[in-house]
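Asks: The structure that follows is given in the form of structure tokens.
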Amino acid sequence: MALVESVEIPLGMKMPSFSLRDSNDKLYESEDFYDKKGLCVVFTCNHCPYAIAVWPRLIALSSWALSKGVNFVAINPNIHPDYPEDSVEAMKNKVLKEKIPFPYLVDDTQKIASAFKAQCTPDFYLYDNNQDLFYHGRMDDNWKEADKVKDKTLENAIEDMVEGKTWNGDFSASMGCSIKWKN
């Protein structure tokens, strides 16, 4: 497990478009998610301890965000023979077990993770309804212990975006396991 941090990306950049399938082979286009006020894209996986620790918070946050008009989608770029815990079948089981309420998509070519400049799992991107990057970085200030979180960074960014404010927070990198690049 190599610990890496997300890289800073200029706010306002357009969201790369994507066409990906979920673990049940249902096709999703990036445009499918833009009937709301925004979209949170999360690059994540099943095996990384950092990703595992935030999944429950991510699921809870997605329900709150949807009530505010913000969609969620998770993308797994770690479809790699050396990581069977991240296989499509394992994703399908995770969706059922965790009752994940948003699409969990398969990036088996890793082209989408590369287009987003994703570095780690988890890596969070928040886009407004014009598909402009509003926020990129961490979910909060304590990946390991939810009860010790003091700064709900992603939640604050969602709130600011929904309220039409400008994100004034500094860049706070997400950290997690490196994406398991095939090449």
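Asks: Condition first: touching a Lys or Arg at 6+ places or on another chain (Cβ under 8 Å) and not in a loop (DSSP other than H, G, I, E, B). Now tell me which residues in the range 1-34 satisfy that.
Replies: Within the range 1-34, 27, 28 meet the criteria.
Asks: For the structure I just gave you, tell me whether residue 89 is at pLDDT 95 or above and either in a loop (DSSP other than H, G, I, E, B) or in contact with a helix residue (DSSP H, G or I) (Cβ under 7 Å, 6 or more places away or on another chain) (or both). Don't jump to the end; show me each part of the working.
Replies: Working: at pLDDT 95 or above: yes; either in a loop (DSSP other than H, G, I, E, B) or in contact with a helix residue (DSSP H, G or I) (Cβ under 7 Å, 6 or more places away or on another chain) (or both): no.
The answer is no for residue 89.
Asks: Quick one: is residue 65 under 17 Å from residue 25 (Cα atoms), surrounded by 20 or more Cβ atoms within 10 Å (Cβ to Cβ) and touching a residue at least 24 places away in the same chain (Cβ under 8 Å)?
Replies: Details: under 17 Å from residue 25 (Cα atoms): no; surrounded by 20 or more Cβ atoms within 10 Å (Cβ to Cβ): yes; touching a residue at least 24 places away in the same chain (Cβ under 8 Å): yes.
No, not satisfied.
Asks: Only one residue in 39, 96 is of a type outside the set (D, E, K, R) and in contact (Cβ under 8 Å) with a residue 60 or more places away in the chain. Which one? If you could, list the steps in order and put the result at the bottom.
Replies: On the way: 96 fails: in contact (Cβ under 8 Å) with a residue 60 or more places away in the chain.
Testing whether each residue is of a type outside the set (D, E, K, R) and in contact (Cβ under 8 Å) with a residue 60 or more places away in the chain leaves just 39.
Asks: To continue, here is another question. Scan the range 94-150 residue by residue and report those that are in contact with a helix residue (DSSP H, G or I) (Cβ under 6 Å, 6 or more places away or on another chain) and among the polar types (S, T, N, Q).
Replies: 121, 142
Residue by residue, here is whether (1) modelled with pLDDT under 95; (2) assigned to a loop (DSSP other than H, G, I, E, B) holds:
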site	(1), (2)
36	yes, yes
45	no, yes
52	no, no
60	no, no
72	no, no
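Asks: Restricting to the range 166-180, give me the number of residues that are at pLDDT 95 or above and over 30 Å from residue 83 (Cβ atoms).
Replies: Within the range 166-180, residues that are at pLDDT 95 or above and over 30 Å from residue 83 (Cβ atoms) number 0.
Asks: Another question, if that's okay. When you check residue 23 against the structure, is it farther than 19 Å from residue 173 by Cα, surrounded by fewer than 15 Cβ atoms within 10 Å (Cβ to Cβ) and small (Gly, Ala, Ser), yes or no?
Replies: Values: farther than 19 Å from residue 173 by Cα: yes; surrounded by fewer than 15 Cβ atoms within 10 Å (Cβ to Cβ): no; small (Gly, Ala, Ser): yes.
When the stated conditions are applied, residue 23 does not pass them.
Asks: For the range 1-46, enumerate the residues that are under 18 Å from residue 107 (Cβ atoms) and aromatic (Phe, Trp, Tyr).
Replies: If the condition is that a residue be under 18 Å from residue 107 (Cβ atoms) and aromatic (Phe, Trp, Tyr), then 18, 28, 33, 43 are the ones that fit.
Asks: Just the residues that are without any contact (Cβ under 8 Å) to a residue 40 or more places away in the chain and within 25 Å of residue 137 (Cβ to Cβ), please, taken from the range 1-29.
Replies: Answer for the range 1-29, where residues must be without any contact (Cβ under 8 Å) to a residue 40 or more places away in the chain and within 25 Å of residue 137 (Cβ to Cβ): just 17.
Asks: Can I ask one more? Test residue 125 against the criterion of being touching a Cys at 6+ places or on another chain (Cβ under 8 Å), touching a residue at least 24 places away in the same chain (Cβ under 8 Å) and outside any loop (DSSP other than H, G, I, E, B), and give yes or no. First the steps, then the outcome.
Replies: Working: touching a Cys at 6+ places or on another chain (Cβ under 8 Å): yes; touching a residue at least 24 places away in the same chain (Cβ under 8 Å): yes; outside any loop (DSSP other than H, G, I, E, B): yes.
For residue 125, the condition - touching a Cys at 6+ places or on another chain (Cβ under 8 Å), touching a residue at least 24 places away in the same chain (Cβ under 8 Å) and outside any loop (DSSP other than H, G, I, E, B) - is met.
Asks: All but one of (1) outside any strand (DSSP E or B); (2) within 15 Å of residue 113 (Cα to Cα); (3) not β-branched (Val, Ile, Thr) hold for residue 66; which doesn't?
Replies: (2)
Asks: Which members of the range 128-170 meet the condition of being of a type in the set (A, V, I, L, M, F, W, C) and surrounded by 15 or more Cβ atoms within 10 Å (Cβ to Cβ)?
Replies: First, pick out the residues of the range 128-170 that are of a type in the set (A, V, I, L, M, F, W, C): 133-134, 139, 143, 146, 149, 154, 157-158, 161-162, 167.
Scanning the range 128-170 gives 133, 134, 139, 143, 149, 154, 157, 158, 161, 162, 167.
The values are calculated or read from the model by the stated rules, or taken from the named source; none is laboratory data. These numbers come from a predicted model, not from an experiment. Methodologically, a virtual Cβ is constructed for each residue, glycine included, from the backbone with ideal geometry; neighbour enumeration extends over all protein chains shown.
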